[in-house]
Amino acid sequence: MAYREVKLIRRRLMNAYLSAVISISLVLLLVGIASMLLVNASGVSRFFKENMQVSVLMKSNVSEDQALAYQSELDGKDFINSTRFVSREQGEEELSLMLGEDFLSVFEASPIPVSIDVTLKAEYVSSDSLAVVERELYKSPLVDEVAYQQSLIEALNANLRKISLILGVVIILLLFISFVLINNTVRLSVFSRRFTIHTMKLVGATRSFIRSPFMVQSAFQGLFASIFAIFILLGLMFVVRKEFTQLFEIFQLKLLLLVLGIMVVSGVIICMVSTYFVVNRLVSLGKNELYY
């Protein structure tokens, strides 16, 4: 009979331990997602800025060889991220898709000039920097017009600032909620063993001696929970990657490793800190207080 009771108690403790690990894992998943957004925020901003296109239209008498030579010159500029040469034929095909195949029939000669599509480095995608870039491009006698959507760039920068602010607030809230939830989970897990703690205190065990096994257990609990959360996060990333392939190209391996490290450290530290305070409080309780 005693063996069955001991086995039942062990099973209950194991179930409680597993449920605590799963609960902490789900909370650490929030920490991982928040960290992922935080460390990649600048990369996402750079991704959108460096995909903004500036069209450099050549004068009508500029040949393709001259334009290609100018493209090579542009590639050496500090503010250039990438360039793409657009011939007259390519320009006609692109406009045909937008305006219809017969739009050129009203012209005796093709009005489409040779052009170069340019993307700038992220730090130059702002109103002030673009004005400097525009003046630099106009210095070439081959350039007829520099075309870009000023309003779109201003809207992009304004929206990125708003998104960064909102994202910062959301991340802080997620981290606070994560700490509270993990703390409550650990407290319930340790509180269920309050009578064991009281028994150890009655036989003369010191506060540090009582606390040590709980601290070790909480460290492993945080470690197991974080590993489980990491597998969930990697699984979610694998699924989402199919829909947002280009966006995932900006995620660097070292940043992903940093996020995984944050999850492990957060899980272990929060569990151990919560356990430390909970065990200290339970050791201080009197016998009658254990029942409330």
- Query: Just one of ILE197, ILE171 is modelled with pLDDT under 75, part of a helix (DSSP H, G or I), aliphatic (A, V, I, L, M) and surrounded by 13 or more Cβ atoms within 10 Å (Cβ to Cβ); which is it?
  - Reply: ILE171
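Yes or no, residue by residue, for (1) among the hydroxyl-bearing types (Ser, Thr, Tyr); (2) open to solvent by 80 Å² or more (accessible area, probe 1.4 Å); (3) part of a helix (DSSP H, G or I); (4) under 23 Å from LEU26 (Cβ atoms):
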site: LEU188; (1), (2), (3), (4): no, yes, yes, yes
site: ALA205; (1), (2), (3), (4): no, no, no, no
site: ARG211; (1), (2), (3), (4): no, no, yes, no
site: PHE224; (1), (2), (3), (4): no, yes, yes, yes
site: ILE230; (1), (2), (3), (4): no, no, yes, yes
site: VAL239; (1), (2), (3), (4): no, yes, yes, yes
- If a residue has to be open to solvent by 50 Å² or more (accessible area, probe 1.4 Å) and over 17 Å from MET52 (Cα atoms) to count, how many in the stretch 115-144 make the cut? 6
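Does LEU247 count as under 22 Å from the mean Cα position of the chain (by Cα), in a helix (DSSP H, G or I) and at pLDDT below 75?
Details: under 22 Å from the mean Cα position of the chain (by Cα): yes; in a helix (DSSP H, G or I): yes; at pLDDT below 75: yes.
Spelling it out, LEU247 is indeed under 22 Å from the mean Cα position of the chain (by Cα), in a helix (DSSP H, G or I) and at pLDDT below 75.
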- Give just the number: which of (1) closer than 19 Å to VAL39 by Cβ; (2) modelled with pLDDT of 85 or more; (3) open to solvent by 70 Å² or more (accessible area, probe 1.4 Å); (4) not hydroxyl-bearing (Ser, Thr, Tyr) does GLN252 not satisfy? (2)
- (1) farther than 30 Å from SER266 by Cα; (2) without any contact (Cβ under 8 Å) to a residue 60 or more places away in the chain all hold for THR119 apart from (2)
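The values are calculated or read from the model by the stated rules, or taken from the named source; none is laboratory data. It should be emphasised that the depicted structure is a prediction, and the values quoted were computed from it without experimental measurement. No Cβ is skipped: glycine too gets one built from the backbone with ideal geometry, and neighbour counts run over all protein chains shown. To get the accessible areas, we keep the full protein, side chains included, count just its heavy atoms, and leave off ligands, DNA and RNA. Shrake-Rupley method; radii C 1.70, N 1.55, O 1.52, S 1.80 Å.
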